[in-house]
Amino acid sequence: MAITAFLTDSTLCIGCKACEVACKEWNQLPDDGFAWSGLSYDNTRALGHSTWRHVKFVEREPVWGLGGNAGDHVSWEFSSDVCKHCEHAGCLEACPTGSIVRTEFGGVFVQPDVCNGCGYCVVACPFGVVDKSPADGRAFKCTFCYDRQKAGLMPACATACPTESILFGDLDEMRRLADERVATLHARGMTDATIWDPRETSVGGTHAVFIVRGDPASYNLPPDPQVPTIYLKPAWQSAAIGAAALLGSVLFAFTRHRAPA
Amino acid sequence: MPVQGMTTEQRLESIRDEAQRLGAVAAAGVRAAGAPFPQATGETGYYGLPLLKPPTWTWEVPAYFFVGGAAGASAIVAAVAHHSGADHEAIAHDARWIAAAGGIASGALLTADLGRPERFLNMLRVFKLQSPMSVGAWTLTAFSSAAAAAAFADAITRQSRGLTPVRVLGDVSEALAAATGLVMSTYTGVLIGATAIPVWHRQARLLPLHFAASAMASAVSMLELLGHDASELNTLGLMAAAAEVGAGVLIELDSDPASAPLTHGASGLLTRAGGVLAGPVPLILRLMARRLPSARRSAAVASLAGALLTRFAWWTVGRHSVQFRCAEAADHR
Amino acid sequence: MPGLGTSFGRGGATTAQQDLQNADAILIMGSSMAENHPVGFRWVLKARERGASIIHVDPRFTRTSAMADMWVPLRAGSDIVFLGALVNYVLASNREFRDYVVHYTNAATILREDFRDTEELGGVFSGWDPDARKYTTETWAYQGAEPTPHQAGHEDAQGGHGKDRGGESAELEHYQRDPTLEHPRCVFQVLKRHYARYTPELVERSCGVPRDLFLQVAEAYTSASGPDKTAAICYAVGWTQHSVGVQIIRTAAILQLLLGNIGRPGGGIMALRGHASIQGSTDIPTLYDILPGYLPMPFFETDSRTLKAYIGKHSTSTGWWHNFDKYIVSLLKAWYGDAAAATNDWGFNWLPRVSGDHSHFGYWLDMADGKLEGLFVMGQNPAVGAPNARLERKALARLKWLVVRDLVETETASFWYDSPEVERGELTPDTIGTEVFLFPAAGHAEKDGTFTNTQRLLQWHQKAVDPPGDARSETWFVYHLGRRLQARAAKDRRPRNAALNALTWRYQTHGRHAEPDAEEILAEINGYTVADRKLVTGYTSLTSDGATASGCWIYAGVMPARGENKARGRDAHGRYGHGWGYAWPADRRILYNRASARPDGTPWSDRKKLVWWNTSTHQWDGDDVPDFTKDKAPDYIPAPGAKGDAALSGTQPFILHPDGVGWIYVSSGLKDGPLPAHYEPLESPLGNSLYPQVTTNPAADKKARADNVYVEAGDDRYPFVLTTYRMTEHHTAGGMTRFLPHLAELQPELFCEISPELAHLIGARHGEFVRISTPRGAIRARALVTPRIPPITANGRTIHQVGLPYHFGRRGLVKGDAANDLIAISEEPNVRIFESKALLCDVRRDPDGALEDRR
Ligand SMILES: Nc1nc2c(c(=O)[nH]1)N[C@H]1C(S)=C(S)[C@@H](COP(=O)(O)OP(=O)(O)OC[C@H]3O[C@@H](n4cnc5c(=O)[nH]c(N)nc54)[C@H](O)[C@@H]3O)O[C@H]1N2
Ligand SMILES: Nc1nc2c(c(=O)[nH]1)N[C@H]1C(S)=C(S)[C@@H](COP(=O)(O)OP(=O)(O)OC[C@H]3O[C@@H](n4cnc5c(=O)[nH]c(N)nc54)[C@H](O)[C@@H]3O)O[C@H]1N2
Ligand code: SF4
Ligand code: SF4
Ligand code: SF4
Ligand code: SF4
Ligand code: SF4
Ligand SMILES: [Mo]
């Protein structure tokens, strides 16, 4: 089975939100409520249990005569966010029921029939992706269109994208394309274009690679994300010390008054 | 899905008020220069919206941290007391029951917090060392059964004077309860320490010790309030309180923005209140205990309140922590 | 779209969206293509990725600007100045594509001595009749050509969609040309003089576009045109919805003809149209003044009473329209079948006659005055979508009955109990006499049929699911309604029923509900030989002797044989989208493509070759279906007295025009002048810097009345420019989006876009409510403060513009006031469209809705 991935190129994204809607349609997700955010044209705000693809609108002051495509200027950037399907996935590691599994396509999949809604994956995701539905009680996130991939189809979001801003395919191929693309963009003067694919951090890379212009942090793509399992060692060490201390102190307290017989 | 902690309206209001005051806005997500309209920047992140999802846990979870911790520590006390002389038998007896009751309560609390309580048993589908929640679920199961068995055996032994198999069962389960009790009273620190929540994972080293101390303090205080005034308990109380003072100091000294919720705002107050009641107050009272014994009861009450507050404080700071993602991103840079 | 029709011969986009990928520059102006044609926009991005420069000229920085290389904010309503200045730039720097201009346009044609330009008459052309407020076009004609037998358009009733077919029938057999383009009265010289004052300085003053920025655009665009380069223009309603809409498009046409960008790959004018099949609804019109295939509707009295006279008036002796008789007779045969015979003029007199202005606004105002009894509203939501929606809603209350067929209960259907008027007590349900019938309609996925999209492309859509409950297709509704009417008429043989009785109205039906077979209808539209009912393979097979029938001649060939429905085609290949659907006429993707070759038939350049004369096969070959008689050699010279297409030489690519060339200058067919001149919007903060005496389009009809009031010049209560637009997230009047959670949540509330400066000026803060008002109405919206809609400095004044999406209404999951409560009903002279893109308004801070309606 091919290990697949997304390459989401924000320099080709027109912010049409077709991916967001296609995802909701395919997965029959509920709406997020109808609240006006005042945050540019983004009213769904973030990924969550009811939004698995989310289009961000990063607004900056436009300059007369320069469109967003101009080499030396970014004015209004759109970027479609999704579960990163981490190589080392916090959610998967943390899940106590084994509900979250790695699929044959390399995706990270929550089995709805196993999840008992303990909510531990929610605090284990370094990207705030997976979330527990208050209504349903279980945790939900992008399935990487496991059902479609099994049937040999492209994910709904990538299929809907009119501009090929969302590419989908073999992971290595996507990474190669990303490098090529950024090289081209730099050649065109868009030197602020960067690839976001935290391979050097403990997350070990993702199956959702992004190309953005400007500071990835402004897209809420953290510069140096860590999978929480890296905190296990120090924590368990202290736990051991703590346990020893407990036992020690009790023994000490209950035996020191004993006069030797 | 409103912005964490604020409805859209409130958020807009705050942006506007700031705009009004400064003629320009510096609130998270809003560009400082020029007229006020939201902007997404490297400093504010995406309009200052939290990167992370706040914990979805409800009050049962911090309550469980408290009860489970106390129960675990009690089981240790029970075991040691049981084997350190007849004059400790009374303490051992009550400690056993606290452990047993706590074990059962813990199970109930944890299940209640699940989105799908009927699926609690799915926790035992697998055992995952890398998942503190999994380790915890198994430990809790083992602990509560052992503690219950121990207490049960103890009850039988009291009527039917010492049937050997029962006593053996009692001793074995008591030992098991004590062993798992050690995990019970510490692992919850690992549970929240090993998460993506900045304020939690920053304290991954401190938390298990912090929780251990608080667990012991609770167990001791409970026993004291049940009327036991053996000086052993006061000694344990003193050590726990001292440890809590240490934890408090470390927390106060941490100036990292990711730890801000521990010292700022409502969550900060809660943490400090918990810290004071769990650390300095009982410490002083217990030191006074030689001269006026009544101080011990007050110390016990303070410790219990402190321990309870502390667990709720840590739960609360976790939910505020997601607001500080940019600071966190910054300190990674 | 007479702007294109008069310039090139056909009223449709000259190119296909796929072809945009072949462009070297794309000027997107009066359109936010990325937002409103997102799927087609992929081809623009492909061009961009190939190095083409994308230029977006728009008052707002939109999703499209964000994808462009250059964004030029201009003052709404100043487009002709901007485009005129581009024309002037080309002429002044001799950057025109000479060979193309000389051979393929009417630049060389010499005009009459008595023609006078706006530059001479201070804002009007010769022939202006101030009392009748319209032009007599005699003086506009070519030197030597017989003047057209009648005035521009139909004398009394105006309405101009008929002109989509390309100008009035002008007899242009004899006219004089000066290939050197030196003759003082040749179109080229007239053009030079006409645009001499449209300078970069004027652009800076009138459009508020910095001089240097304009020059940058001019250079980028001009340098991307020539023998081996082409540039395309995309526009939509940001151009059309103006009192000078048609003339804006004309200016673009002139620019493209001068640069040789028509009929060539990567060139052309991409008219981006609206609804999925809005092109189809002018080809087979839902309009009152044309018949299918752009044949004009006969007019009462003023128009011919006999078919012969009617044909005589509308066919031309030279050019393709010489075939006019074939198309009208075939149409009548398709409609009246055996009842149509030579003896009864093929039933010509059964056709209804136009008796006045029956455009949307024409009859709606009649309705407001109680002159209408009943109304069918199918697939429209005027209570939200139509200008002066307040007036429109109140007019509904004066009907006896109203039938609404829609997917949802729209504001139009519910006006009688939940409109703002009812809220304000202007209307009360128990005093409204209108009986409202709401029919559930089947959506496009619930029925078979075609869309004819923005690029004249017929695309078949197959029924995916059965319509729910009582929902039925339009075909079903209209077919069965017709059957019932016929059943009644059959019993009543009065002449008034003759047409109904003669009508062929029998189609195969299938299914439980007797749904008519859509493909059988398409077959009838395609046309067939009456004798054996064999389908025709193209409109060249149609005859005027009643041997053939065709429901719409331009569609002939979409179904060349039974069971062969080319609109179903889905295997696209090549760079022009061949194989996907069927483009009228004759599956030509790029119109006038003969112009892609030199007069001698060889391509202008290898890079831009499309069709060429194959010297071995003696035919036109190429990557597209030649828009030219296949075997007419480049050196073909018509014999004297030759008629029709035969009268056009081998070097005349614009075969629908009697003179076979593209019209830089339109001698007849337009009601507001042969050349575009700048006029201010009907409501404007500025005077006309070019023609101080003539501020606005003199031929436009303001329809001013007590309930359709305008801001008078100098009324400072309405200081800001308002422009309305669309968002990707919603569709038009919202019936298809406000009711769907997955779309409604994306833009859940009405907002208006204002600059930080304007926000500061009126003391409004981001996200706060403001009240926007015009003399027509007032609405409430959130203030979305953004630098994407900057203030403009024109004529030394700072002009603040307000952007307002028009999708909201009072029903659905997300609600909001209707922008159209603010807009006036006005009529551009040629197509009678209203001005929604540039008007005046006031904006005030209104956090708690305190401000009352100041009307
Ligand atoms: N998602 C979506 N797609 C649609 C529609 C929809 O409602 N939603 N509607 C469909 C229909 S019916 C149509 S007709 C088309 C319309 O497609 P468009 O014409 O692209 O739609 P608009 O947004 O109304 O207007 C386009 C742009 O014109 C700009 N503009 C306003 N005034 C002026 C001016 O004076 N000069 C210039 N140069 N620009 C100006 C506006 O700022 C706006 O950005 O879209 C079709 N596609
Ligand atoms: N201020 C301002 N006003 C404008 C514009 C603007 O730019 N600014 N744009 C103008 C333009 S270009 C247009 S096209 C109009 C559009 O204005 P309208 O055409 O009045 O608005 P729509 O919402 O497109 O109406 C189409 C209706 O048809 C229904 N429908 C969809 N499919 C079917 C079907 O198969 N059968 C039936 N019976 N109904 C169906 C939909 O639910 C919807 O309610 O708005 C115009 N008004
Ligand atoms: S992004 Fe979060 S939810 Fe997605 S795989 Fe990584 S950890 Fe899991
Ligand atoms: S909520 Fe469900 S998926 Fe998430 S950790 Fe718990 S069981 Fe696993
Ligand atoms: S892969 Fe499937 S589930 Fe994931 S975002 Fe795309 S459409 Fe949604
Ligand atoms: S569908 Fe493609 S272009 Fe549209 S928003 Fe999503 S990623 Fe961007
Ligand atoms: S809605 Fe249809 S017509 Fe409009 S852009 Fe999308 S696909 Fe094209
Ligand atoms: Mo439209």
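Tabulated data
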| item | result |
| --- | --- |
| Dipole of the range C:316-415, positive end: most advanced residue of C:V404, C:L391, C:S359 [Cβ charges, Cα centre] | C:L391 |
| Most to least accessible of C:T695, C:T251, B:T316 (protein chains only, probe 1.4 Å) | C:T695, B:T316, C:T251 |
| Whole-percent pair-distance distribution, where bins are 20 Å wide, for the alpha carbons of chain C | 15, 50, 32, 3, 0 |
| Dipole of the range A:83-182, positive direction: furthest Cα of A:C91, A:Q149, A:A178, with charges on the beta-carbon | A:C91 |
| Accessible area buried, both sides summed, chains C and A with 1.4 Å probe, Å² | 3800 Å² |
| Computed accessible area, A:L247, all protein chains, 1.4 angstrom probe, square angstrom | 70 Å² |
| Peptide B:207-214 - average C-beta neighbours from other chains (10 Å radius) | 5 |
| Residue-normalised accessible area of the range A:74-192, given per residue in Å² at a 1.4 Å probe | 31 Å² |
| Cβ crowding within 10 Å averaged over residues, with C:36-44, C:395-403 ranked highest first | C:36-44, C:395-403 |
| Charge dipole (the protein assembly as shown, unit charges on Cβ, about Cα centre) - positive-most of C:G266, C:A561, B:A137 | B:A137 |
| Reachable aspartates and glutamates, given that their alpha-carbon falls under 17 Å from the alpha-carbon of A:K233 and they are not under 8 places away in the same chain | A:E93 |
| Average accessible surface area per residue within the range B:141-267, 1.4 Å rolling probe, Å² | 34 Å² |
| Prolate/oblate/rounded call for the range C:516-613, Cα gyration tensor, a/c under 1.5 rounded | oblate |
| Average partner coverage of A:68-81, which counts Cβ from other chains inside 10 Å | 4 |
| Alpha carbon centroid spacing (whole Å) that separates the range C:721-746 from the range A:79-100 | 35 Å |
| Summed buried accessible surface, chains A and B, 1.4 Å probe, nearest 100 Å² | 6700 Å² |
| Rounded to the nearest 20 debye, dipole of the protein assembly as shown from Cβ charges on Lys, Arg, Asp, Glu | 2200 debye |
| Straight-distance crosslink candidates among lysines, where the alpha carbon sits under 20 Å from C:K463 and sequence neighbours closer than 8 are dropped | C:K447, C:K566 |
| Per-q log10 I(q)/I(0), the range C:1-130, q = 0.10 Å⁻¹ (Debye; single scatterer per alpha-carbon; no solvent) | -0.46 |
| Peptide-level mean, for A:48-60, of C-beta atoms on other protein chains within 10 Å | 3 |
| All Cα pairs of the protein assembly as shown, percent lying beyond 43 Å | 54 percent |
| A:A135 versus A:A2: modelled label distance in nm, points set 7 Å from Cα along the beta carbon direction | 3.5 nm |
| Kirkwood Rh in Å, taken over all unlike Cα pairs in the range A:1-118 | 16.7 Å |
| Estimated dipole of the range A:15-142 in Debye, rounded to 20 [Cβ of Lys and Arg +1, of Asp and Glu -1, Cα centre] | 180 debye |
| Portion, in percent, of the accessible area of the range A:54-143 that falls on carbon or sulfur, probe 1.4 Å | 58 percent |
| Buried on assembly, the range C:787-803 (at least 40 Å² less accessible surface than by itself, 1.4 Å probe) | C:P787, C:R788 |
| Dipole magnitude (debye, nearest 20) for chain C, charges at Cβ of Lys, Arg, Asp, Glu | 1040 debye |
| Total lysine pairs whose alpha carbons fall under 23 Å of each other in the range C:201-358 (8 or more apart, or interchain) | 4 |
| Over chain C, relative contact order from alpha-carbon pairs under 8 Å, at least 6 apart, % | 17 percent |
| Surface per residue (accessible, 1.4 Å probe) for the range C:701-855, Å² | 30 Å² |
| Spatially proximal lysines relative to C:K815 (Cα-Cα < 27 Å; intrachain offsets below 8 disregarded) | A:K17, A:K24, A:K56, C:K394, C:K837 |
| Three-way shape label, the range C:445-517, alpha-carbon gyration tensor, a/c 1.5 | oblate |
| For the range A:1-43, convex hull of alpha carbons as volume per residue, Å³ | 114 Å³ |
| Overall dimensions of the range C:753-855 as given by Cα atoms, namely Rg and Dmax in Å | 14.5, 45 |
| Fraction of accessible area attributable to carbon and sulfur, chain C (%, probe 1.4 Å) | 53 percent |
| Sorted peptide list for C:530-542, C:493-505, criterion being average Cβ within 10 angstrom, highest first | C:530-542, C:493-505 |
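The values are calculated or read from the model by the stated rules, or taken from the named source; none is laboratory data. The model shown is predicted, which means the values in this text are computed figures rather than measured ones. Don't worry about glycine lacking a Cβ; one is built from the backbone with ideal geometry, like all the others, and counts go over all protein chains shown. For the accessible areas, the whole protein counts, side chains as well, though only heavy atoms, and no ligand, DNA or RNA atoms are used. Shrake-Rupley method; radii C 1.70, N 1.55, O 1.52, S 1.80 Å.
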